[in-house]
Amino acid sequence: MTDHGTPAVELRAATRTYGTGERAVTALDRVDARFEPGTFTAVMGPSGSGKSTLLHCAAGLDRLSNGEVVIDGVPVGGMSERALTRLRRSRVGFVFQAFNLVPALTAAQNVALPLRLARRRPEPGAVAAMLAEVGLAGREGHRPSELSGGQQQRVAIARALVSRPAVLFADEPTGALDAASGAAVLRLLREAVDRHRQTIVMVTHDPLAAATADRVLFLADGRVFDELPGAAGAERIALHIAHAQHTVVAR
Ligand SMILES: Nc1ncnc2c1ncn2[C@@H]1O[C@H](COP(=O)(O)OP(=O)(O)OP(=O)(O)O)[C@@H](O)[C@H]1O
Ligand SMILES: [Mg+2]
């Protein structure tokens with residue numbers, strides 16, 4: 001799976017602190033990580049260990065305090081807000097636990113939104129094809145309130161993938177779903193990697209979800225302290241997580 005070309009995303013000594021003085025929190029602490037094209041990485045760790053911060057910084061939604069993020073070969077640190085927004089729209093997809101669809105828009109309009117924001121005209125049939133790919137053919141005209149949670153998350157995934165981004169970030173995409181809908185979402189993500197060489201970085205608390213990834217990174221206290229192949233299985237992943245709750249990472 002490893003590709004020795006340009007990583008889809010790379011973090012170099014990535015550090016993010018919030019606040020100042022006594023209230024300063026180091027949410028990310030000199031993290032080095034490479035996400036190779038066509039690989040599926042899960043990120044796990046206790047609450048507050050820096051998982052969402054890692055995703056937001058790697059996606060260009062938040063800025064590092066120190067270090068560098070390189071998205072698809074482009075260092076983003078020195079970029080203007082405008083240039084970063086443009087890069088994000090064309091190269092990055094993001095899926096949230098809470099779906100974050102626009103309630104007044106139909107499924108098709110939600111999926112077309114990133115293209116419209118990028119002033120790109122969707123190719124005829126592209127939006128319907130994307131919705132069909134996530135198993136929602138025939139639901140183009142439905143509004144989010146007319147869809148189940150699992151269906152809404154699949155619309156959100158279609159929206160994130162429609163611009164064929166270099167990398168898709170997902171922050172607990174199955175966190176708000178029942179087991180069956182969660183499994184459908186995971187299958188969809190796995191297919192995007194296997195069929196389209198999509199790069200995916202997914203935060204999850206669920207060892208079963210993590211086991212569907214190629215690789216699992218374990219975070220504690222803002223640092224990556226270990227990794228396992230997803231093939232190690234849910235049980236070993238769960239043991240690692242239990243271990244992380246008791247790990248004090250040396251600074
Ligand atoms: N905007 C912010 N301002 C101040 N502190 C923040 C901010 N965002 C995150 N933090 C702090 O940074 C640390 C890491 O937070 P982060 O949200 O990345 O954790 P997480 O691993 O995603 O946790 P969870 O599993 O609960 O979602 C926490 O101590 C948090 O309180
Ligand atoms: Mg989080």
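Here are some notes:
- Which numbered condition Glu22 misses (of (1) at pLDDT 95 or above; (2) within 16 Å of ligand 1 (Cβ to nearest atom)): (1)
- Qualifying residue in region 176-187 (condition: at positive phi and not in a helix (DSSP H, G or I)): no
- Every residue from region 172-185 that is open to solvent by 20 Å² or more (accessible area, probe 1.4 Å) and under 24 Å from Glu10 (Cα atoms): Glu172
- Of the numbered criteria (1) more than 16 Å from ligand 2 (Cβ to nearest atom); (2) open to solvent by 10 Å² or more (accessible area, probe 1.4 Å); (3) closer than 29 Å to Gly19 by Cα, the one Asp62 fails is (1).
- Scope region 171-187; condition within 16 Å of ligand 2 (Cβ to nearest atom) and either of a type in the set (A, V, I, L, M) or touching a residue at least 40 places away in the same chain (Cβ under 8 Å) (or both); matching residues: Asp171, Glu172, Pro173, Gly175, Ala176
- Any hit, region 66-75, residues being within 16 Å of ligand 1 (Cβ to nearest atom), closer than 20 Å to Ala192 by Cβ and open to solvent by less than 10 Å² (accessible area, probe 1.4 Å): no
- Condition check for Ala211: without any contact (Cβ under 8 Å) to a residue 12 or more places away in the chain and either away from ligand 1 (no atom under 16 Å from the Cβ) or surrounded by fewer than 20 Cβ atoms within 10 Å (Cβ to Cβ) (or both): no
- Only one of Gly93, Gly50, Gly67 that is under 29 Å from Gln151 (Cβ atoms), at pLDDT 95 or above and of a type in the set (Gly, Ala, Ser): Gly93
- Check on Ala156, open to solvent by less than 30 Å² (accessible area, probe 1.4 Å), in contact (Cβ under 8 Å) with a residue 60 or more places away in the chain, outside any loop (DSSP other than H, G, I, E, B) and of a type in the set (A, V, I, L, M): yes
- The listed residues are Arg190, Arg195, and the only one of them that is open to solvent by 30 Å² or more (accessible area, probe 1.4 Å), touching a residue at least 60 places away in the same chain (Cβ under 8 Å) and part of a helix (DSSP H, G or I) turns out to be Arg190.
- Check on Glu81, within 30 Å of Asp32 (Cβ to Cβ) and either exposed (fewer than 13 other Cβ atoms within 10 Å of the Cβ) or among the polar types (S, T, N, Q) (or both): yes
- When residues of region 34-49 are limited to those that are under 17 Å from Phe169 (Cα atoms) and open to solvent by 10 Å² or more (accessible area, probe 1.4 Å), the one farthest from ligand 1 (Cβ to nearest atom): Pro37
- Qualifying positions in region 33-82 - touching a strand residue (DSSP E or B) at 6+ places or on another chain (Cβ under 6 Å) and among the charged types (D, E, K, R): Arg34, Lys51, Glu68
- Pairs are defined by a Cβ separation below 8 Å, a sequence spacing of at least 6 or placement on different chains, a first member in region 16-27 that is in contact (Cβ under 8 Å) with a residue 12 or more places away in the chain, and a second member that is near ligand 1 (Cβ under 8 Å from one of its atoms) and among the aromatic types (Phe, Trp, Tyr); the pairs so defined are Ala27/Tyr18.
- Residue match in region 230-239 (condition: out of contact with any Phe, Trp or Tyr (no Cβ under 7 Å at 6 or more places or on another chain) and part of a strand (DSSP E or B)): no
- Residues in region 5-23 that are open to solvent by less than 50 Å² (accessible area, probe 1.4 Å) and farther than 16 Å from Gly222 by Cα were compared, and the one that is farthest from ligand 2 (Cβ to nearest atom) is Gly5.
The values are calculated or read from the model by the stated rules, or taken from the named source; none is laboratory data. Predicted model only: the values in this text are computed from it and were never measured. Positions of Cβ are backbone-derived with ideal geometry, glycine not excepted, and every protein chain shown enters the neighbour counts. Surface areas here come from the heavy atoms of the whole protein model, side chains and all, with no ligands, DNA or RNA. Shrake-Rupley method; radii C 1.70, N 1.55, O 1.52, S 1.80 Å.
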